Amino acid sequence: MAFRFRPVDGSFFELFTQQAQHLTVGAGLLAQMLAEGADRDDVARRMRDAEHAADETTHEIVRKVNSTFVTPFDREDIYGLASGLDDVMDEMDEAVDLILLYEVKSLPPELGQQVEVLQRCAELTAEAMPRLRTMKDLADYWIEINRLENAGDKNHRRTLASLFNGSYKTIEVLKLKDIVEALERAVDAFETVANRVETIAVKES
Amino acid sequence: MAFRFRPVDGSFFELFTQQAQHLTVGAGLLAQMLAEGADRDDVARRMRDAEHAADETTHEIVRKVNSTFVTPFDREDIYGLASGLDDVMDEMDEAVDLILLYEVKSLPPELGQQVEVLQRCAELTAEAMPRLRTMKDLADYWIEINRLENAGDKNHRRTLASLFNGSYKTIEVLKLKDIVEALERAVDAFETVANRVETIAVKES
Amino acid sequence: MAFRFRPVDGSFFELFTQQAQHLTVGAGLLAQMLAEGADRDDVARRMRDAEHAADETTHEIVRKVNSTFVTPFDREDIYGLASGLDDVMDEMDEAVDLILLYEVKSLPPELGQQVEVLQRCAELTAEAMPRLRTMKDLADYWIEINRLENAGDKNHRRTLASLFNGSYKTIEVLKLKDIVEALERAVDAFETVANRVETIAVKES
């Protein structure tokens, strides 16, 4: 058996994985929210629950950082990664909440594509988190997230252009723009997470 | 007389208290800005003065951190708390400024409730700051701020819904939304301050 | 020859200077974007190239920080300065991109003044970066940037007021406000850079 230079607490990796799994649930609920004939109140309620569960995991990581003597990587990086994952959830929750709150009747089709990007980001992130333990095979993950963020950005710009092409009433543009921007921030937040993972991996290599 | 483990500079606590007192003044001016028949130019001028005074205190804390060898708690936490208090002032100042600048005629009644939340947050924060010296009895403060932030968030969502219920012209919605969002960021900024106090208290306990 | 207390790597200063020169290019392209009869597609393409070049320089600084044993000043300050310069570019790029994307027909004349402020900020920053090596004659720079930020802020408020004075259709206000706000964030980002330079200079003095 190989000698391990520093003892590490395995469960940080489990908690990060758990956090990313909450994001998979959240992205799935976002997709449901856009579906024709969705019970929006019900989906929004489940989103709220998912967001609370994610919050709990984030707090557990923070508590663990503060009470653990030897951490698997720098404290500030653990904190940064946990809060980065938490930010993704907050933005997805915001999008769901605004769709309910603004009582938006028709959503532009481009929104569905953006939510697909988010679902793919969530899956990749959930698959990558356990690999933090060995720091192996992580490059594929952050490269693919960066590619998805580029695709999401193009999609976002297309959506904005379509909002302003004259087919929506100004008050609807005002509502939809908020929702569209929350989705874009969610994609960006996934990229921030991937960048943090890259930084950690580079430091530890 | 009890043995003190590390010598501390008392006046950090006084400066934080001073900063929080500026916030009490700012929240009061915000309430005056909403009052029927207010001299908005005059209130906005006094808000600007309050904001400058708060800035001065923030700079004094930063200078003090940089020139003090032993600080009562971690330098980065002192810096974070000072800049957190400063952020609250900036958001309240922004709200006052926009009310003046946009020449908003009628403000939704929900704004008054949000400003009451801010006034209560400011009082609680000003009362809590001196307790940083002993780190005692702070939990009540951050729990209550978290409760107020929840109430503020519900109020914010109600306000947004009312902006979009058809009773305002779109151009007015555009103006009011900016103001409403500045108030919400101010409430959030109070919560950030409370979270930082909690972090400091946990570390020091 | 004077004794140097710590060996420093000269090329950090060159990289910061390079980053600031990208900003001069960016501010110039922004000015071209506003010009009557501009080929907006072409200007936007060149802006994208400038933004990528700036990104490259930022990454080079980050790589260099991570691989250098003795840095000329604190690692976190180097990182903060590099990301601050990068933020300016992102905001200027955003402004150019939105002008293209929203197909804005007529731009308020105040925008031209704001871009002049940005061009002046970029020049001053590019001139100041090489002086980080000796930490001399930097106060003039940050004082002037602070003055320009104040002028920019007054101009921004005047622009917002003019957007809401009834001469623009609401949908145009919605578009123009996004552009105007991106410009204001760019000015603010220059001030953040100047504040970071001041912090570094104070620490090193």
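The values are calculated or read from the model by the stated rules, or taken from the named source; none is laboratory data. Only a predicted model underlies this, so the values are computations on that prediction, with no experimental measurement involved. In this analysis, Cβ positions are derived from the backbone assuming ideal geometry, glycine residues included, and neighbour counts consider all displayed protein chains. Heads up: the accessible areas ignore ligands, DNA and RNA and are worked out on the full protein's heavy atoms, side chains in. Shrake-Rupley method; radii C 1.70, N 1.55, O 1.52, S 1.80 Å.
Annotation for region A:137-189 versus region C:89-154: alpha-carbon center distance of 27 Å.
The mean accessible area for residues of chain B, using a 1.4 Å probe and ignoring ligands and nucleic acids, is 47 Å² per residue. Computed from the C-beta positions of B:Val70 and C:Asp74, the FRET efficiency with R₀ = 22 Å rounds to 0.65.
Comment: the Cα-to-Cβ extended label point of B:Pro130, at 7 Å, lies 5.6, 5.6 nm from its counterparts in the other copies, nearest first.
Where chain C is carried onto chain A by rotation, the Cβ closest to that axis, with its residue and distance in Å, is C:Thr170, 3.
B:Glu51 sits among other residues whose Cβ lies under 9 Å from its own Cβ, and their net charge, with Lys and Arg +1 and Asp and Glu -1, is -3. With 10 Å² as the minimum drop in accessible area between chain alone and full protein complex (1.4 Å probe), the qualifying residues in region A:154-182 are A:Arg157, A:Leu160, A:Ala161, A:Phe164, A:Thr170, A:Ile171, A:Val173, A:Leu174, A:Lys175, A:Lys177, A:Asp178. The C-alpha atoms of chain C define a longest principal axis, and helix C:139-163 lies at about 20 degrees to it. Heavy-atom accessible area buried between chains A and B is around 900 Å² (1.4 Å probe, both sides summed).
In the full protein assembly as shown, how much of C:Thr134 is accessible to a 1.4 Å probe, in Å² to the nearest 10? Its accessible surface works out to 90 Å², give or take rounding. Just how many % of Cα pairs in the protein assembly as shown lie over 38 Å apart, if you round to the nearest whole percent? Tail fraction, whole percent: 36. For B:Glu60, the accessible surface of its heavy atoms amounts to roughly 80 Å² (probe 1.4 Å, protein chains only, rounded to the nearest 10). Relative to the longest principal axis of chain A, what angle (0 to 90°, nearest 10) does the C-alpha long axis of helix A:170-204 take? Long axis of A:170-204 versus the principal axis of chain A: about 10 degrees. Extension gain, C:Ala31-C:Val202: 0.36 nm per intervening residue step, less the Cα-Cα distance, totals 58.1 nm. Look at the Cα gyration tensor of region C:49-137: its axes a ≥ b ≥ c give a/c of at least 1.5 with a/b at or below b/c, and that counts as oblate. Note on chain C: Rg/Rh from C-alpha atoms, Kirkwood Rh, equals 1.03. In chain B, the longest principal axis of the Cα atoms and the axis of helix B:40-67 are about 20 degrees apart. Relative to the current alpha-carbon distance between A:Arg48 and A:Ala139, full extension at 0.36 nm per residue lengthens the span by 29.5 nm. Taking the protein heavy atoms of the protein assembly as shown in the context of the full set of protein chains, the accessible area attributed to carbon and sulfur is 49 percent at 1.4 Å. Based on C-alpha pairs under 8 angstrom that are at least 6 apart in sequence, region A:1-106 has a relative contact order of 40 percent. Take the Cα of A:Asn146, go 7 Å toward its beta carbon, and the backbone nitrogen atoms of region A:165-188 under 20 Å from that spot belong to A:185-188.
In this structure, the residue pairs whose Cα-Cα separation is over 28 Å, taken from A:Lys203/B:Lys64; B:Lys105/C:Lys169; A:Lys64/B:Lys177; A:Lys105/B:Lys177; C:Lys64/C:Lys154, are A:Lys203/B:Lys64; A:Lys64/B:Lys177; C:Lys64/C:Lys154.
Each label point was placed 7 Å from the Cα along the Cα-to-Cβ direction; for C:Ala38 and B:Glu127 their separation is 5.5 nm.
Pairs of alpha-carbon atoms within less than 8 angstrom and 6+ residues apart define the contacts here; what relative contact order does region C:68-205 have, in percent? Over region C:68-205, the number comes to 46 percent. Sites listed here are chymotrypsin sites (Phe, Trp or Tyr not before Pro) in region C:39-100 whose DSSP assignment is loop and whose Cβ has at most 14 other Cβ atoms within 10 Å: C:Phe69. Kindly report, to the nearest 10 Å², the accessible surface of C:Arg147 as traced by a 1.4 Å probe over protein heavy atoms only. For C:Arg147, solvent-accessible area is about 130 Å². Distances, shortest first, from the label point of C:Arg45 to those at the same position in the other copies read 5.5, 5.5 nm; the point lies 7 Å along Cα to C-beta.
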